[in-house]
Amino acid sequence: MSASGGTRAIVAALGANLAIAASKFVAFAFSGSSSMLAEGVHSLADSGNQFLLLIGGKKAQREATPQHPFGYGRERYIYAFLVSIVLFSVGGMFAIYEGYEKINHPHQVEHWYWPVGVLLFAIIAEGFSFRTAIKESNELRGKLSWSQFIRRAKAPELPVVLLEDFGALIGLVLALLGVGLALLTGDGVWDGIGTVCIGVLLVLIALVLAAETKSLLLGEAAGVEEVQKIEAAIVEGDTVTGIIHMRTLHLGPEELLVAAKIAVQHDDTAAEVAKAINAAEARIRTAVPIARVIYLEPDIYSEAEAAKGPDPEATPGGPTPPPADH
């Protein structure tokens, strides 16, 4: 995933959220609407989240050190996980609490034109931000559905911004409904109900983000297409005759570790094996440029050992062993 595409989406979302947050707090001051207060805190939390994503992207660019030999690429995952925590605690739980208080102690919405005007402005601004995130995501999404893209994306920025903007737009509609019903009925309880709905929505989105970023933090393998390209690049049929087993791991969104035990001819010299490994590494980096850390271990494939059962280290459904005559 392009880091520049994610950065553009973050900057667009940050600019929109800062402007929207300011307008919502002004509308709350004039109208007393709890929906506007919840939405103001929501936009403020989103702005903080975008700052966190930008910080994570910057920190991830640091060079590897002896203490962290594989670099700092996973900083982006850590900060994305913090985003889910902020969205859950500051955005979601605050909105639920504020809505509960408003339901128990309702009061009419004053100066209705402030919240309605601000909400309409916010919908337009969030729509612009959401459109930018969709445009940047479409360049990478390919034929994947939106849910598949969010689940499989290795870079967290675009999925986070997509979910935040989607939640913000739905939250604005809920706030508009709550304020509208409160104005039509003269009952401020509807404003509180709208606020609670916003809080529940934010909590659900935060849980989805937490689940996805947790998976990235634990370590995810390369995608199916990348694995197939790596397998095809390793085996050249002469010296490297097959793959006994292979592991891949994302060290960051744009850095992949590849470790494989490869089958070589039993009568090859050490020089020939070393030359074949170097050539295989070059082919892997050409086929999958983000494969930057590669470890290939040569071994002699034994059909007798294979007959005893699956290799305990082998990946289920992974590469097939070389032909029996090797």
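Each value in this text was obtained by applying a stated rule to the coordinates, not by laboratory testing. Predicted, not measured: the structure shown is a model, and the values here were computed from it. Note that each Cβ is placed from the backbone with ideal geometry, even for glycine, and that neighbours are counted across all protein chains shown.
Tally time: how many residues in segment 31-43 are farther than 12 Å from GLU164 by Cα and assigned to a helix (DSSP H, G or I)? Steps first, please.
The first filter runs over segment 31-43 and keeps only residues farther than 12 Å from GLU164 by Cα, leaving 31-41.
Cutting the leftovers down to assigned to a helix (DSSP H, G or I) gives us 31, 34-41.
Here the count works out to 9.
Of all residues in segment 16-36, those satisfying the criterion of being over 13 Å from ALA122 (Cβ atoms) and surrounded by fewer than 23 Cβ atoms within 10 Å (Cβ to Cβ) are ALA29, PHE30, GLY32. Taken over segment 47-67, the criterion of being in a helix (DSSP H, G or I) and either over 15 Å from the mean Cα position of the chain (by Cα) or among the aliphatic types (A, V, I, L, M) (or both) is satisfied by SER47, GLY48, PHE51, LEU52, LEU53, LEU54, ILE55, LYS58, LYS59.
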